[in-house]
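Right, one structure below, let's go through it.
Read-outs throughout are calculated quantities, based only on the coordinates presented, and are distinct from any laboratory measurement. Keep in mind that what you see is a predicted model, and the values were worked out from it rather than measured. When we count neighbours, we look across all protein chains shown, and the Cβ atoms used for this are built from the backbone with ideal geometry, even at glycine.
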Amino acid sequence: MSERKRLPPNQQLLDESKWPIIGERLCQAPTGPWIVSVTGLVSTPLKFNLQDLAQLPQVEMPLDIHCVTRWSRYNMTFKGVLLETLLEKAGYDRDRAQFVSFQAYSSRNHSTSLVLSEALEQKVLLATEVDNSPLPDNHGGPVRVITPWRYFYKSLKWLKEIKVLEEDELGYWEKDNGYHNHADPWKEERYVISDIDIVTYRELLKRRDFSHQNILSIDAEKRNLEGLNAASASLRNARFHRTQLANANFTQANLSNAEFIKANLYQANFTGADLEGANFSGADLRFADFTGSSLFGSSFFDSGNYALINHTTKFDQAGLAAITPEQLKFVEKSLTR
Ligand SMILES: Nc1nc2c(c(=O)[nH]1)N[C@H]1C(S)=C(S)[C@@H](COP(=O)(O)O)O[C@H]1N2
Ligand SMILES: [Mo]
C-alpha cells in the first residue's frame, strides 16, 4: 500500500518510539482477580479470568493506530482473543443483537460501543500483548479492546464487561463529548457538529469572553477576536481560519483539533493548553507562548502554508518532543530567525 493511502487524511505520523497515553492514565483494578464478563443478549452470560483468556485461540494483529487528535503510529502488533470467540461461546442472539458495548475498570466507568456486524467483520481483538510483551497498565493492560479501522477512542482500555445489545448505548466520548459514533479515520469522522445556540454564541463573541466555556466545533472564521479571553475554555475542533486572535489568552484551554489556519496569533498565550491535533499552518505565531502545552499531532505547516515562527515564539522541550520529526525540523529552523 502506498504511504498516501496508508495514512488517513490530516493525520501526523509519530515516530515509532512514541506512544502517547491518552485519556485515563490509570485503571481501577478489581479487588479480586481480573474478570471480563459477557452479558446482555446471550444465551449464557460468561465470566473469563486472565487464564481462561490465555487458553482461548490467540490471534496476532499487525496494526497502525490513528488517534482522533491527529497522530498516527505505524507497525504495532497486538495479540489476544477475538471478540467473536467470546461472543460465540456465550451464544449471542443472532437475530436481535445489533450493538456491542464495552465497559472499563476505571473511575468513570469508561465505555464505548460498536455496531456488532462491523465489530465482527473488522475482527475486534481483546488484546493482552503488544509487540511481544504484556500490554502495559497505562495502555490498558492486562486486557484492552483493539478496534481496527477506527479512531483509537474506540479501543477501550482495561476491559471489564462486554454487553450485547439491541439498542446502542453511546460511550463516554460519544455521548456528551461530541465524538463521532462511527469514527472512521478515512472519512474523518471525528466530531459531531456544534450544539450551541446562535444567541448564546453571538453574545460570547461580542464580549470576546469564552473563559471556562465548553463549546464544541465553533466556527469563528475571519472574525475579529483580538484579545479574546479563552482561559480554561474547552473549544475542541474550533475553526479559527484567518481569525484575528492577537493577544488572545488560551491558558489551560482545551483546543484539541482546533484549526488556526492563517490566524493572527501574535502574542497569543497558549501556556498549559491542550493543543493535540491543532493546526497552526500559516498562522502568525510571533511572541506566542507554548510553554507547558501538549502538542501531539499538532502541525505548523502543511502544503506550502508555513506558520510565522521566529526567536520570539516560545516552546519548551516537552512540547517540541511531541511533534513529528518533519514539523520539528521546520519549527527549530524558524526559531533561529
Ligand atoms: N478506559 C479508557 N479507555 C480509553 C480511553 C480512556 O480515557 N479510558 N481513551 C481512549 C482514547 S481517546 C484513546 S486515543 C486511546 C488511547 O490509548 P493509549 O493511552 O494506549 O494510547 O484509548 C481509548 N480508550
Ligand atoms: Mo483519542
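Can you tell me the dipole magnitude for region 31-178 around its Cα centre, using point charges on the Cβ only (Lys, Arg +1; Asp, Glu -1), in Debye to the nearest 20?
Details: 16 positive and 19 negative charges, 72 e Å.
Its charge dipole is roughly 340 debye.
Starting from the Cα of Asn49, step 7 Å toward the Cβ, then list every residue of region 142-165 with an amide N under 19 Å from that point. Residues 142-144, 159-162 qualify, since their backbone N sits under 19 Å from the label point. Positive end of the dipole of region 66-194 (Cβ unit charges, origin at the Cα centre): among Tyr151, Leu83, Ser101, the Cα lying farthest that way belongs to Tyr151. Would you mind checking the tilt of helix 198-207 against the longest principal axis of the Cα atoms of the chain, expressed as 0 to 90 degrees and rounded to 10? Approximately 40 degrees, to the nearest ten. Derived value for region 49-198: Kirkwood hydrodynamic radius 15.8 Å. Basis is the mean of 1/r over every pair of different alpha-carbon atoms. Sorted ascending by nearby beta carbons within 10 Å, beginning with the fewest, Asp302, Asp284 become Asp302, Asp284. For the pair Leu170 and His182 in one chain, pulling the backbone fully straight at 0.36 nm per residue adds 3.2 nm over the alpha carbon distance. For region 69-177, the relative contact order is 34 percent, taking Cα pairs closer than 8 Å that sit 6 or more residues apart in sequence and dividing their mean separation by the residue count. The mean of 1/r over all pairs of different alpha-carbon atoms in region 73-136, once inverted, gives a Kirkwood hydrodynamic radius of 13.4 Å. Pairwise Cα separations in region 248-334 fall into 10 Å bins from 0 onward with the following percentages, short to long: 21, 63, 16, 0. Among Lys157, Lys89, Lys222, the order by Cβ neighbours within 10 angstrom, fewest to most, reads Lys222, Lys89, Lys157.
Which stretch or stretches of region 1-40 have amide N atoms under 11 Å from the point lying 7 Å from Asp302's Cα along the Cα→Cβ direction? Under cut-off, by backbone N: 9-12.
Legend: P(r) of region 1-113 from all alpha carbon pair distances, 10 Å bins from 0, whole percents, reading 11, 30, 36, 21, 3. Length gained on full extension, Arg242 to Asp131, computed as 0.36 nm times the residue gap minus the Cα-Cα distance: 35.6 nm. Computed from the C-beta positions of Lys123 and Lys333 and an R0 of 51 Å, the FRET efficiency is 0.75 to the nearest 0.05. Taking the Kirkwood radius as Rh and the Cα radius of gyration as Rg, the chain has a ratio of Rg/Rh equal to 1.02. Relative intensity of region 247-289 on a log10 scale, I(q)/I(0) at q = 0.18, 0.20, 0.24, 0.30 Å⁻¹, equals -0.43, -0.53, -0.78, -1.15, per a Debye sum over C-alpha point scatterers of equal strength in the absence of solvent.
Among DSSP beta bridges whose residues both lie in the chain, state the antiparallel percentage, nearest 5.
Numbers: 36 of 59 bridges.
So the antiparallel bridges in the chain amount to around 60 percent.
Under a model in which nothing but the beta-carbon of Lys, Arg (+1) and Asp, Glu (-1) is charged, the chain shows a dipole of about 800 debye around its Cα centre. Computed from the C-beta positions of Ile21 and Glu189 and an R0 of 25 Å, the FRET efficiency is 0.60 to the nearest 0.05. Spatially, region 269-326 and region 55-132 are offset by 34 Å when compared through their Cα centroids. Our Cα-only numbers for region 286-337 put the radius of gyration and Dmax at 10.1, 28 Å. Relative to the longest principal axis of the Cα atoms of the chain, the long axis of helix 325-335 makes an angle of roughly 20 degrees. Neighbour counts of other Cβ atoms within 10 Å put Arg242, Arg190, Arg202 in the fewest-to-most order Arg202, Arg242, Arg190. The charge dipole of region 292-337, taken about its Cα centre with unit charges on the Cβ of Lys, Arg, Asp and Glu (plus for the first two, minus for the last two), comes to roughly 140 debye.
The residues neighbouring Glu118, those whose beta-carbon lies less than 11 Å from its own, together hold a net charge of +1 under the Lys/Arg +1, Asp/Glu -1 convention. Note on Asp95 and Thr31: with the Förster distance fixed at 30 Å, the Cβ-Cβ geometry gives a FRET efficiency of about 0.20. With contributions of -39500 (n - 2.57) from each DSSP H run of at least four residues, the per-residue ellipticity at 222 nm computed over the chain stands at -4000 deg cm²/dmol. Return the percentage of antiparallel bridges among DSSP beta bridges fully within region 160-277, rounded to the nearest 5 %. Counting DSSP beta bridges with both partners in region 160-277, the antiparallel share is about 10 percent.
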